[in-house]
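The values are calculated or read from the model by the stated rules, or taken from the named source; none is laboratory data. Worth saying up front: this structure is predicted, and the values here are computed from it rather than measured. Backbone-built Cβ (ideal geometry, glycine too); neighbour counts: all protein chains shown.
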Amino acid sequence: MLDVAARAGVSGQTVSRVVNGSPRVDPATRARVEEAMERLGYRPHRAARALRTGRTHTVGLVATTLATVGNSRMLQAVVDAATGRGYAVVVVTLDAASGIADAFARLRDQGVDGAIVLNEATAVVRDAVAPAGLALVVVDSPVDDRFAAVQTDHAAGARAATEHLLGLGHATVWHLAGPETSYAAAERERGWRAALVDAGIEVPPPVRGDWTAASGFAAAAELPVDATAVFAANDQMALGALRALTEAGRRVPEDVSVVGFDDVTDAADYRPPLTTVRQDFDALGAEALAALVAAIEGGDQPVVLLPATLVVRASTAPPTG
């Protein structure tokens, strides 16, 4: 570290700040130190640093599953953000045989400095007691004084999707809702309801799925034959709905307009290209990691709300006839 400091023309403390990802280094100085580290082949020794600082620069991530697109994209976003700050990530999934206490215990055994809890897993965390000294950030959960929260504005995104369909002239909008236990699903349903109520339109009963394309296919089969507009709570269920409508002889968007949520990588390649609400998963991961680092360092526990943006493609159009 002293060799790096000498080559970069800075103090050893400045090198330490750069190594530890401190924001208290101006960009030009950080770049000079990083160049010196690269030229000298300097690599921090994680175990030695943990003994000296009491921090492992390792964070945990808790999820109910990594099979869903939203969770897998959030995992990638968190890992990318953590790597950029010099942190490693340990992943723990919950299942029927292990509860949140077991997940926290496994993370503590790994010596993590803190943990990020994703989406559906946050419902379990709200009823649990986190181990003392374990900093927590939850993604998509109601505000709670015990931990920082990072959220997408699901309700506003769902409202925008619904208002888009109403603005095209559809008499009402049907909703393929997500699981009842999901905070994100509940918020999307809330935004859909609010848009209809504000427009003076009676709210039709939602048809519920479980985020999968198969559940969207089954749910779409329950829609009335005169439905002309559908808002699905995620793109996978929208994909299933597209298939169900096509097999029923109904054209999208000529007979039925369909909107999804998330803007997954393939959404623009659906047939037709899917109108959807975009979540910025990279920003979610970066904000979650930044909030966790701040909590680890004893800072504030913020609530961060990120916008969701409507992306209009070819799956929506004015009703015919």
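A few remarks follow.
- In the set (1) touching a residue at least 60 places away in the same chain (Cβ under 8 Å); (2) surrounded by fewer than 22 Cβ atoms within 10 Å (Cβ to Cβ), the condition left unmet by residue 136 is number (2).
- For region 260-272, the set of residues classified as surrounded by fewer than 15 Cβ atoms within 10 Å (Cβ to Cβ) and part of a loop (DSSP other than H, G, I, E, B) consists of 265, 266, 271, listed by residue number.
- Of all residues in region 6-18, those satisfying the criterion of being out of contact with any helix residue (DSSP H, G or I) (no Cβ under 8 Å at 6 or more places or on another chain) and modelled with pLDDT under 90 are 13, 16, 17.
- Selected residue (criterion: farthest from the chain's Cα centre (by Cα)) from residues of region 279-321 that are β-branched (Val, Ile, Thr) and not in a loop (DSSP other than H, G, I, E, B): 296
- Cβ-Cβ under 7 Å pairs, at least 6 apart or on other chains, region 262-274 side farther than 23 Å from residue 187 by Cα, far side β-branched (Val, Ile, Thr) and surrounded by 15 or more Cβ atoms within 10 Å (Cβ to Cβ): 272/252
- Unmet requirement for residue 44, which otherwise passes all of (1) within 23 Å of residue 286 (Cβ to Cβ); (2) at pLDDT 85 or above: (2)
- The requirement of being closer than 27 Å to residue 61 by Cα, in contact (Cβ under 8 Å) with a residue 40 or more places away in the chain and either crowded, with 17+ Cβ neighbours inside 10 Å or out of contact with any helix residue (DSSP H, G or I) (no Cβ under 7 Å at 6 or more places or on another chain) (or both) is satisfied by residue 303.
- Those residues of region 145-194 which are among the hydrophobic types (A, V, I, L, M, F, W, C), part of a helix (DSSP H, G or I) and touching a Leu at 6+ places or on another chain (Cβ under 7 Å), in sequence order: 160, 161
- When residue 308 is tested against (1) farther than 21 Å from residue 221 by Cα; (2) surrounded by fewer than 19 Cβ atoms within 10 Å (Cβ to Cβ), exactly one condition is not met: (2).
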